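Notes follow once the structure below has been shown.
The values are calculated or read from the model by the stated rules, or taken from the named source; none is laboratory data. Small disclaimer: the values here were computed from a predicted structure and weren't measured. We place every Cβ from the backbone using ideal geometry, glycine too, and count neighbours over all the protein chains shown. The area values use the complete protein model at the heavy-atom level, side chains included, leaving out ligands, DNA and RNA. Shrake-Rupley method; radii C 1.70, N 1.55, O 1.52, S 1.80 Å.
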Amino acid sequence: MHAPTVPGRGKPFPTHRGKRRVPLVLGCAGVLILAAGCGSGSGPGGLDVPATACVDHSDDPAGCQPSTFDTPIGEMPSVRVNAAGELDPFSSEEEARLGFAALEERLRLFRNFEHIHWVLTVPSGKDPGTGAWRGGDLDGAGDARGLGIGGQCLYVGHRNGPGTTHAINIFRIQPDPEADPPVQVGEIPPKVVGNEGFDDRELRSILYTTTGGREIQILVRNAGTGTEGLLESYEIDAGSCLPATRSEPYDFGGPTHEFFLWHDPVNPNRILAFVSMFSGGGLPDPNAPGLRIPDAIVLAVTDEDTGELLPRPRFVAGFSLQDVGGPPINEVPDATGLFADGRFADFSDLENRSGRPGNFQARQTNMLHSLSVSNDGERVYVAGGNAGFYVLDSSGVARNRDANLAAGTADCRNRSTIAWEAGVLDVSRLREIPGDCLHPVISDDPGLAAYLASDAPDGAKAARYLVLLTRSRLDVHPPFSSLPTGIHSAVFIPDRPAQVRGNTAGRPAYVWLTDENSGCPLMHARIASVESETTPVLVGAFAIPDNRIDDCLSQANTEPSGEPRRNVPQQNHNPTVFPNLVFNSWYGHGLRAIDISNPYTPREVGHALTLPHGVTRSYPVFKDGLIYWTDSDTGLHVARYTGPRAGELPGPGSGTYEGNATSPHR
């Protein structure tokens with residue numbers, strides 16, 4: 001069956017779920033109109049306006065925009081094709097690339113993005129029995145993971161797993177990065193335990209100048225399995241991009257997840273890694289006998305006096321939400337399905353096309369997933385999974401020396417005050433929490449401090465504290481089901497300070513939140529106001545069509561040829577945020593560009609979906625006007641954003657920007 005034709009254009013228009021798709025946009029008066037695009041008809045003054053035109057009378061640089069792109073999943077091949085775009089495991093690399101490029105254009109998978117380079121990180125292998133290609137990026141079977149860029153050096157990690165080991169790819173960005181793709185110049189061996197390769201999920205690289213005038217480039221590697229986590233650092237030869245020296249690994253004693261690399265603006269020698277832990281309920285800490293592994297761990301990776309790489313990363317601070325009165329980890333409901341903080345929506349009586357039930361949540365993980373750190377280091381914006389989003393005061397970490405923090409001689413405690421133990425809140429300890437190097441901002445409130453110091457009954461103090469602590473988290477779980485994660489990423493919107501009284505430090509007004517889950521319904525993205533840091537609230541949200549339960553359940557589960565398709569996860573994931581634009585990796589829904597100039601009404605202004613249909617996963621990294629990202633199934637991609645507000649983005653020579661490191665950096 002041929003795709004229908006757009007009137008007046010003569011080109012195939014993609015179909016979705018057996019229905020003709022007609023693009024819809026909102027006219028400037030808010031009226032829904034059919035439109036093939038956004039025109040510039042005038043209207044006033046008696047001039048004729050085409051019936052399909054969108055007329056924008058505002059001074060908004062984005063002007064009229066089509067609605068959010070509805071991913072044509074049933075028409076996107078998830079495996080190798082030939083030059084004609086047909087599934088073909090025997091096609092050559094040249095033929096497959098030609099076929100994918102033609103399909104990307106026909107299905108309109110790129111809008112306001114120019115796809116410049118596709119760099120393979122996992123080669124395909126030929127099946128000796130059939131001669132078919134398999135197991136590589138061209139087959140949608142790669143496993144690219146972490147992405148780190150510093151200077152002209154680019155590093156790609158891999159997921160690995162039992163029986164699978166891929167080295168970290170080392171690439172060098174070429175002098176003309178638009179004309180020439182990054183060139184692989186070496187590898188860093190994978191970490192292996194038995195037959196299981198560690199997941200190199202997070203890589204960060206930075207080039208800096210010490211106070212002594214020495215140029216140093218480092219690469220920080222966070223790798224692990226489902227039960228282990230290690231962080232180690234490399235000094236890099238910036239000329240060759242190859243490792244020169246390596247630190248000993250810091251063994252966390254449990255699984256890590258993501259981390260933020262913070263470069264101290266006051267002391268250029270000082271670089272810290274803020275690491276999120278997936279310890280699953282406070283496992284014993286092998287680095288501190290008698291204590292539990294914190295939810296967040298801060299490690300020094302360089303010597304604060306010389307800027308040299310430390311022989312081993314050093315623990316300087318930790319934080320656990322549960323210790324200070326937060327919700328229990330791995331909470332299960334009572335017999336009726338009620339959790340301590342409410343009830344989840346239950347979609348389990350519905351099924352998608354593959355017979356999989358809709359979502360229902362049987363537990364709350366309540367584990368810290370990722371975080372971002374303000375440039376001055378005094379705030380940490382926490383994506384706390386099912387515990388929601390909240391803000392930590394980290395000024396004790398920023399203002400003290402690493403040596404004093406590590407030794408416990410700083411003017412703050414380097415671990416959380418344990419006020420909540422075995423389900424019992426010790427009210428007498430609540431007044432100590434502001435003395436922790438990392439603590440919830442609500443604990444700094446002078447009204448709360450006065451109340452806790454008063455002669456009010458302990459029960460009243462506990463109630464007041466727990467209500468305020470709960471209100472200091474923006475937590476939508478429940479009622480929204482969100483396994484495996486909940487709030488995945490929390491990245492502050494830079495250069496848009498809150499205009500509230502007393503904001504002398506220029507704290508941000510807004511934070512972009514992503515909410516990760518699988519199944520139906522998929523979750524979306526949100527904008528939180530942190531104008532009152534102690535009470536974050538939802539002010540805006542952004543979703544794609546498949547976030548609706550009906551669309552999610554009716555998604556195609558076959559290849560364009562009708563064959564069963566491989567599973568492609570579709571969670572919302574990692575954002576890189578600018579004052580008016582967010583670039584958000586969205587797994588099977590690609591890279592989405594979202595205009596947030598009005599935080600109350602985010603809207604899509606571009607999208608980039610690569611083939612074969614894969615998993616856009618990493619934080620997009622901006623360097624010299626180009627965007628780099630890894631797709632977990634198809635490798636490394638390079639593009640340029642060309643849409644509204646493109647002129648506001650950093651251009652050549654402006655440094656490197658990413659969502660999980662102090663930006664810009666070299």
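Annotation for region 97-175 versus region 380-453: alpha-carbon center distance of 43 Å.
Divide the volume of the convex hull around the Cα atoms of region 431-561 by the residue count and you get 155 Å³ per residue. The convex hull around the C-alpha trace of region 600-666, projected and averaged over every direction, spans 5.5 square nanometres.
With contributions of -39500 (n - 2.57) from each DSSP H run of at least four residues, the per-residue ellipticity at 222 nm computed over the chain stands at -2000 deg cm²/dmol. Only Cα pairs under 8 Å and 6+ residues apart enter the sum, and on that basis the relative contact order of the chain stands at 13 percent.
Between amide H atoms placed 1.01 Å from N, distances below 5 Å from residue 269 occur with 211, all of them 5 or more places distant or on a separate chain. Considering all C-alpha pairs of region 299-368, those separated by over 17 Å amount to 65%. When 586, 133 are compared by accessible area at a 1.4 angstrom probe, the order from most to least is 133, 586. Ranking 471, 429, 145 by solvent-accessible area of protein heavy atoms (1.4 Å probe, all protein chains present), from largest to smallest, gives 471, 429, 145. Here the contact order of region 317-413, divided by its residue count and restricted to Cα pairs under 8 Å and six or more residues apart, works out to 18 percent.
Accessible surface for residue 520 stands near 10 Å², nearest 10, in the context of the full protein assembly shown (1.4 Å probe). Extent of region 328-400 along its three principal axes (Cα atoms, max minus min coordinate, largest first): 54, 30, 14 Å.
Remark on residue 486: its backbone amide H falls under 5 Å from those of 516, a criterion applied only to residues 5 or more positions apart or on other chains, H modelled at 1.01 Å from N. Peptides 71-77, 509-515 ranked from most to least packed by the mean count of surrounding Cβ atoms within 10 Å: 509-515, 71-77. Where the alpha-carbon atoms of region 510-581 are placed on the principal axes, they occupy 52, 23, 16 Å, in descending order. Could you please report the charge total around residue 606, scoring K, R as +1 and D, E as -1 over all other residues with beta-carbon less than 12 angstrom from its beta-carbon? Neighbour charge sum, excluding residue 606 itself: +3. Taking all protein chains as shown and a probe of 1.4 angstrom, residue 601 keeps an accessible surface of around 80 Å². Take every Cα-Cα pair in the chain and report what % of them are more than 48 Å apart. Counting every Cα pair in the chain, those more than 48 Å apart make up 14 percent. Ellipsoid semi-axes for region 158-281, based on the Cα gyration tensor and the rule √(5λ), read 26, 21, 12 Å when sorted largest first. Here region 333-372 exposes an accessible surface that is 51 percent carbon and sulfur, computed with a 1.4 Å probe and the other protein chains kept in place. Subtracting the Cα-Cα distance of residue 108 and residue 458 from their residue separation scaled by 0.36 nm leaves 119.8 nm. Between amide H atoms placed 1.01 Å from N, distances below 5 Å from residue 113 occur with 607, 642, all of them 5 or more places distant or on a separate chain.
Taking all protein chains as shown and a probe of 1.4 angstrom, residue 523 keeps an accessible surface of around 10 Å². Classify region 75-191 as rounded, prolate or oblate from the Cα gyration tensor: take a ≥ b ≥ c as the square roots of its eigenvalues, call it rounded if a/c is under 1.5, otherwise prolate when a/b beats b/c and oblate if not. Oblate, because a/c is 1.5 or more while a/b does not exceed b/c. With viscosity 1.306 mPa s and temperature 10 °C, the Kirkwood radius over alpha carbon pairs of region 449-495 converts through Stokes-Einstein to a diffusion coefficient of 116 µm²/s.
Working from the Cα coordinates of region 240-305, the gyration tensor eigenvalues give, after taking √(5λ), semi-axes of 25, 15, 12 Å in decreasing order.
Return P(r) of region 294-416 (all Cα-Cα pairs; 10 Å bins starting at 0; whole %; ordered from short to long distances). Calculated P(r), rounded to whole percents: 11, 31, 26, 15, 11, 5, 0.
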